[in-house]
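A.B. asks: Mind looking over this structure? Questions follow.
The values are calculated or read from the model by the stated rules, or taken from the named source; none is laboratory data. Because the structure is predicted, anything quoted here is derived from the model rather than measured. Ideal geometry is used to build each Cβ from the backbone, glycine not excepted, and the neighbour counts take in all protein chains shown.
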Amino acid sequence: MKAIESFSVSESFGLKDLNLDEIENINGGAEASVGYCVNISGGNTGILSGAVVGPTYPIGPGPVIISPTFPTDGPIVISGPSDGSSGGSSGGGSGGSSGK
Amino acid sequence: MNVSKRILFFKSKKAGHLLFCGNSNSFYQIEDELAPKIQKMIETNDSSELTEDIIKEFTKSGVLLNENEDEFFNRMKYISYLSRFDNSSLTLTIAPTMACNFCCSYCYEGNRVHNSVMSDEIMDAIINYIKIKEVKSLHLYWYGGEPLCAWPKILQFNERIKELNIPNYTQRIVTNGSLMDEEKIKYFIDNDFKTVQITLDGNEEVQNKRRPMKGGGNSYAAIIGNLDKAYKYCKENNKTINIVIRINIDQDNIALYPSLHKMLEERYEGMFSIYPSFVKNYLESDCHANNCLTFEKSADFILNLSKKYGIYTLSLFPKQNLIMNCPAQKVNTYVIGTNGDMYKCWDDICMEDRKLGNILTGIKDTHNINPLFVLKSSAFENEKCKKCLFLFSCMGGCARSRFTNEEAKYEVNPLCHYITNNPQEFLEEYYELKMKGN
């Protein structure tokens, strides 16, 4: 089988999949919402494009679902419990492009 | 594991077996020996005969789902609606003026143009509105008229918005490009404009005929001259500017597109994006209805651009999925006209029956415009869209066009992604393009 194009469901929405273990911290703690910086392991940062919603905080086992916003900039965090199962996915998208 | 129904598996003449998955726009060539197992997988919902690698790949791309189709659909719908109702970001399209230095033949704003510039009172009210919303993300689109006709106002606005220290502030502009001098080019770069969209409709003769400058003047020369400046500045200073050149196509200029595209690509060494867009029929102005291309002709055009000229556009193969079709489908998205009137869609500027209110006096939405755009236009509620292979790359098409079609009771403007006209042919052509290394 040859992949002519191969995207994960999340990638196809312009996102970056991250595991929980890859997120070092979310500024703002339990109050973190859109626009807060996320430090990602490896020295990268991103901007949360949705509110952090999850069953427990500080982040522990259990799905952390980031609600998406549109349009988006930077990676949208998609994470799940540290056992590897996936949480929610979220979307970017294109702006309207009415002509002039 | 469940096999998604949002896949297309077929045998093509040149490429053998091909499989496309609408959940992620993943696309595979399947060798003949494997094809019967894929066919069986689809027919029986049983993927057990596939290798572990293939199952892993298909799970990643959504060919195989850990949930059933309805659950996956509802999850996507949930995410889309979360986004529509999210109040943590605000998207504003601001028309600092409705004045324009062009008089384009197909302009839908023709009878809405006036020369006033947004007042300080309106600007103050917008800034206060942004403050009250306390958002973490602000996305701004400069529009008009021709927004650069009110350049000092844009500068003023931006300084005030920067003072608000919103963590995530982005801006974009839609301009005819004729007033984009070096000062503005530098400003767009220094202030990280995400896109600068400029329209150019043809060679010099055609552009000047379709998009003439008021009072005479060579609009083609003005635009190309400014694009040259932007190109030169970026090359000399090792900068980037995200200029997107849009070419509006109808019956009159369709034949010119390939040569214009290639000329621009060569002239600017691929620095700027170039794409075709199809002139729409705006019933209320209806000055250009007979020149608009049909859906089938538009789809053929996209296909032939690739087949005959090797020009790839996003309409040939949807690489990116969407959570919704456009920002107007979010609650927290507004267009603000020069006099402070508020709308959902920038095509509705100055239309009284599409007004939600005014920034000075508040939103009243007596015409139920917000529910119309946010809910009624939703592809998730449309029976045809729900089953479509390309649901997530199309998301129901332009909301405004959908309402126009419903009111007129016929398809005034097409809604669907062009690939739906003949998906197998589009996919085969994309395969050919990829095999050629494009």
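A.B. asks: Determine if region B:310-317 includes at least one residue that is aromatic (Phe, Trp, Tyr) and over 18 Å from the mean Cα position of the chain (by Cα). Reasoning before the result, please.
C.D. replies: Initially, region B:310-317 is screened for residues aromatic (Phe, Trp, Tyr), giving B:312, B:317.
When the remaining residues are screened for being over 18 Å from the mean Cα position of the chain (by Cα), the result is none.
No.
A.B. asks: Count, please, the residues in region B:255-279 that happen to be crowded, with 19+ Cβ neighbours inside 10 Å, more than 14 Å from every other protein chain (Cβ to nearest Cβ) and under 17 Å from residue B:308 (Cβ atoms).
C.D. replies: 3
A.B. asks: Would you call residue B:50 in contact with a Phe, Trp or Tyr (Cβ under 7 Å, 6 or more places away or on another chain) and either within 12 Å of another protein chain (Cβ to nearest Cβ) or under 30 Å from residue B:157 (Cα atoms) (or both)? It would help to see each step written out before you state the result.
C.D. replies: Values: in contact with a Phe, Trp or Tyr (Cβ under 7 Å, 6 or more places away or on another chain): no; either within 12 Å of another protein chain (Cβ to nearest Cβ) or under 30 Å from residue B:157 (Cα atoms) (or both): yes.
For residue B:50, the condition - in contact with a Phe, Trp or Tyr (Cβ under 7 Å, 6 or more places away or on another chain) and either within 12 Å of another protein chain (Cβ to nearest Cβ) or under 30 Å from residue B:157 (Cα atoms) (or both) - is not met.
One line per residue, one yes/no per condition, for (1) in contact with a Phe, Trp or Tyr (Cβ under 7 Å, 6 or more places away or on another chain); (2) closer than 21 Å to residue B:298 by Cβ; (3) surrounded by 15 or more Cβ atoms within 10 Å (Cβ to Cβ):
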residue	(1), (2), (3)
B:193	no, no, yes
B:202	no, yes, yes
B:206	no, yes, yes
B:210	no, yes, yes
B:233	no, no, yes
B:237	no, no, no
B:241	yes, no, yes
B:253	no, yes, yes
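A.B. asks: Are any residues in region B:33-90 among the β-branched types (Val, Ile, Thr), over 30 Å from residue B:342 (Cα atoms) and assigned to a helix (DSSP H, G or I), and if so, which ones?
C.D. replies: B:38, B:42, B:44, B:54, B:55, B:59
A.B. asks: Also, quick follow-up: Provide a single number: the residues in region B:306-334 that are closer than 19 Å to residue A:11 by Cα and of a type in the set (Val, Ile, Thr).
C.D. replies: Result for region B:306-334: 1.
A.B. asks: Still on this structure, I have one more. Filter region B:132-146 for residues that are part of a helix (DSSP H, G or I) and at pLDDT 95 or above and give the result.
C.D. replies: Scanning region B:132-146 gives no hits.
A.B. asks: Those residues that are more than 25 Å from residue B:115 (Cβ to Cβ), in a loop (DSSP other than H, G, I, E, B) and not polar (S, T, N, Q), I need them from region B:201-244; list them, please.
C.D. replies: Those that are more than 25 Å from residue B:115 (Cβ to Cβ), in a loop (DSSP other than H, G, I, E, B) and not polar (S, T, N, Q): B:202, B:239, B:241.
A.B. asks: On to the next question. So which of B:411, B:406, B:428 is modelled with pLDDT under 95, acidic (Asp, Glu) and in a helix (DSSP H, G or I)? Before the answer, list the steps.
C.D. replies: On the way: B:411 fails: in a helix (DSSP H, G or I); B:428 fails: modelled with pLDDT under 95.
Just one listed residue meets the conditions, B:406.
A.B. asks: Residue by residue through region B:35-59, note down the ones that are crowded, with 19+ Cβ neighbours inside 10 Å and more than 24 Å from residue B:391 (Cβ to Cβ).
C.D. replies: Within region B:35-59, B:50, B:54 meet the criteria.
A.B. asks: When the residues of region B:147-189 are narrowed to those that are over 26 Å from the mean Cα position of the chain (by Cα) and under 18 Å from residue B:136 (Cα atoms), which ends up farthest from the other protein chains (Cβ to nearest Cβ)?
C.D. replies: Out of the qualifying residues, it is B:159.
A.B. asks: Enumerate the pairs (first residue in region B:323-350 and under 16 Å from residue B:90 (Cβ atoms); second residue anywhere and in a strand (DSSP E or B) and of a type in the set (Gly, Ala, Ser)) with beta-carbon separation below 6 Å, excluding pairs fewer than 6 apart on the same chain, so at least 6 apart or on different chains.
C.D. replies: Matching pairs, first to second residue: B:342/B:357.
A.B. asks: Right, another one. When region B:190-201 is examined, which residues are found to be within 14 Å of chain A (Cβ to nearest Cβ) and of a type outside the set (Val, Ile, Thr)? Give the steps one after another, and end with the answer.
C.D. replies: Pass one, region B:190-201, residues within 14 Å of chain A (Cβ to nearest Cβ): B:192-201.
If the condition is that a residue be within 14 Å of chain A (Cβ to nearest Cβ) and of a type outside the set (Val, Ile, Thr), then B:192, B:193, B:194, B:197, B:200, B:201 are the ones that fit.
A.B. asks: Write out, first by first residue and then by second, each pair whose Cβ atoms fall under 7 Å of each other, whose residues are 6+ apart or on separate chains, and whose first residue, in region B:234-253, is away from chain A (no Cβ under 14 Å) while the second is at pLDDT 90 or above and in a strand (DSSP E or B).
C.D. replies: B:241/B:196
A.B. asks: Could we say that residue B:198 is closer than 25 Å to residue B:261 by Cβ, in contact (Cβ under 8 Å) with a residue 12 or more places away in the chain, in contact with a strand residue (DSSP E or B) (Cβ under 9 Å, 6 or more places away or on another chain) and not in a strand (DSSP E or B) here?
C.D. replies: Numbers: closer than 25 Å to residue B:261 by Cβ: yes; in contact (Cβ under 8 Å) with a residue 12 or more places away in the chain: yes; in contact with a strand residue (DSSP E or B) (Cβ under 9 Å, 6 or more places away or on another chain): yes; not in a strand (DSSP E or B): no.
No; evaluated as a whole, the condition is false for this residue.
A.B. asks: Across region B:13-32, what is the total count of residues that are without any contact (Cβ under 8 Å) to a residue 40 or more places away in the chain, facing chain A (nearest Cβ under 8 Å) and in a loop (DSSP other than H, G, I, E, B)?
C.D. replies: 1
A.B. asks: Of the residues that sit in region B:288-341 and are of a type in the set (Gly, Ala, Ser) and assigned to a loop (DSSP other than H, G, I, E, B), which one is surrounded by the fewest Cβ atoms within 10 Å (Cβ to Cβ)? Steps first, answer last, please.
C.D. replies: Going residue by residue through region B:288-341, those that are of a type in the set (Gly, Ala, Ser) are B:289, B:298-299, B:306, B:310, B:315, B:328, B:337, B:340.
Pick out the ones that are also assigned to a loop (DSSP other than H, G, I, E, B) and you get B:310, B:315, B:337, B:340.
Values: B:310: 13, B:315: 21, B:337: 28, B:340: 18.
Among them, the one singled out is B:310.
A.B. asks: Please pick out the residue among B:216, B:225 that is on the phi > 0 side of the Ramachandran plot and more than 25 Å from the chain's Cα centre (by Cα). Working first, answer last.
C.D. replies: Numbers: B:225 fails: on the phi > 0 side of the Ramachandran plot.
Among B:216, B:225, only B:216 is on the phi > 0 side of the Ramachandran plot and more than 25 Å from the chain's Cα centre (by Cα).
A.B. asks: Is there a residue in region B:366-377 that is within 14 Å of chain A (Cβ to nearest Cβ), in contact with a Cys (Cβ under 9 Å, 6 or more places away or on another chain) and closer than 30 Å to residue B:115 by Cβ?
C.D. replies: Quick first cut of region B:366-377, residues within 14 Å of chain A (Cβ to nearest Cβ) only: B:373-374, B:377.
If we keep only those that are in contact with a Cys (Cβ under 9 Å, 6 or more places away or on another chain) too, we end up with B:373, B:377.
This time we only want the ones that are closer than 30 Å to residue B:115 by Cβ, so: B:373.
Yes, region B:366-377 contains at least one residue that is within 14 Å of chain A (Cβ to nearest Cβ), in contact with a Cys (Cβ under 9 Å, 6 or more places away or on another chain) and closer than 30 Å to residue B:115 by Cβ.
A.B. asks: Same structure again: Within region B:378-392, can you find the residues that are surrounded by fewer than 21 Cβ atoms within 10 Å (Cβ to Cβ), within 14 Å of another protein chain (Cβ to nearest Cβ) and over 14 Å from residue B:77 (Cβ atoms)?
C.D. replies: B:389
A.B. asks: Here's something else I'd like to know. Of B:396, B:357, which residue is among the small types (Gly, Ala, Ser), closer than 19 Å to residue B:77 by Cβ and at pLDDT 85 or above?
C.D. replies: Values: B:357 fails: closer than 19 Å to residue B:77 by Cβ.
Going through B:396, B:357 in turn, the sole match is B:396.
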